[in-house]
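Engineer: Below is the structure I would like to discuss, written out as C-alpha cells.
The values are calculated or read from the model by the stated rules, or taken from the named source; none is laboratory data. Source: prediction; values computed, not measured. No Cβ is skipped: glycine too gets one built from the backbone with ideal geometry, and neighbour counts run over all protein chains shown.
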Amino acid sequence: MNASTGIKEEPLAGVDFRLLQRCLTALSDPTRQQIVAVLSRERLNVSQLTERFSLSQPAISHHLRILSNAGLLVQERQGRERLYRLDTKYCRGLADQFRNFISQCCANARCC
C-alpha cells in the first residue's frame, strides 16, 4: 500500500520501473537528448563531441557518464581512443519495457 495515497499498489508484470526511471532521468536533459541523437547516427569520441556541442570536455564527459550509467551508450576502444555510440539493442529492450507498461497500464482503462 502506498503510504501517501492509501492505495494498494500491485506491480505490473515484467515492467522494470527502475530501468525506465534511470533512462528517463538520463534523457531528461536536452543536451543529453541531442548527444543520444548524434550518437544514434555515428560513433564519436569526447573531443569530437566537445567540438560539436561547444561544451567543455568535462561537461561532455559528465553527460556521457550519465548516459552510460543508464545503459544507453556503448564505449568502444579504437587504439587509444574511446568511441561512443548508442546501444541500439538496449534501446530496443527499453522500448519493449515501455510497450509492456502501456499495454498493461492501459488495458481496460477508461482514461486512454
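Engineer: Answer yes if at least one residue in segment 62-76 is out of contact with any Cys (no Cβ under 9 Å at 6 or more places or on another chain), more than 27 Å from GLY14 (Cα to Cα), surrounded by 12 or more Cβ atoms within 10 Å (Cβ to Cβ) and among the hydroxyl-bearing types (Ser, Thr, Tyr), and no otherwise.
Structural biologist: no
Engineer: Here's something else I'd like to know. Can you report the number of residues in segment 14-59 which are of a type outside the set (Gly, Ala, Ser), under 30 Å from ILE102 (Cβ atoms) and not in a helix (DSSP H, G or I)?
Structural biologist: Looking only at that region, the number is 5.
Engineer: Continuing with the same structure: Using the structure shown, decide if PRO11 is at pLDDT 95 or above, over 20 Å from LYS89 (Cβ atoms), of a type outside the set (Lys, Arg) and over 9 Å from the mean Cα position of the chain (by Cα).
Structural biologist: no
Engineer: Quick check on VAL74: is it in contact with a helix residue (DSSP H, G or I) (Cβ under 7 Å, 6 or more places away or on another chain) and modelled with pLDDT of 95 or more?
Structural biologist: no
Engineer: Something else: Filter segment 77-112 down to the residues that are of a type in the set (A, V, I, L, M, F, W, C), under 18 Å from GLY14 (Cβ atoms) and surrounded by 11 or more Cβ atoms within 10 Å (Cβ to Cβ) and list them by number.
Structural biologist: CYS91, LEU94, PHE98, PHE101, ILE102, CYS105, CYS106
Engineer: Considering every residue within segment 38-57, establish whether at least one is aromatic (Phe, Trp, Tyr) and closer than 15 Å to CYS23 by Cβ.
Structural biologist: No: segment 38-57 contains no residue that is aromatic (Phe, Trp, Tyr) and closer than 15 Å to CYS23 by Cβ.
Engineer: Only one of these conditions is not met by VAL74: (1) in contact (Cβ under 8 Å) with a residue 24 or more places away in the chain; (2) not in a loop (DSSP other than H, G, I, E, B). Which number is it?
Structural biologist: Exception for VAL74: condition (1).
Engineer: Just checking, how many residues over segment 77-100 are assigned to a loop (DSSP other than H, G, I, E, B) and closer than 27 Å to LEU20 by Cβ?
Structural biologist: 1
Engineer: Step by step: first the residues of segment 16-51, then only those that are at pLDDT 95 or above and basic (Lys, Arg), then the one that is surrounded by the most Cβ atoms within 10 Å (Cβ to Cβ). Which residue is that?
Structural biologist: Among those residues, the one meeting the criterion is ARG32.
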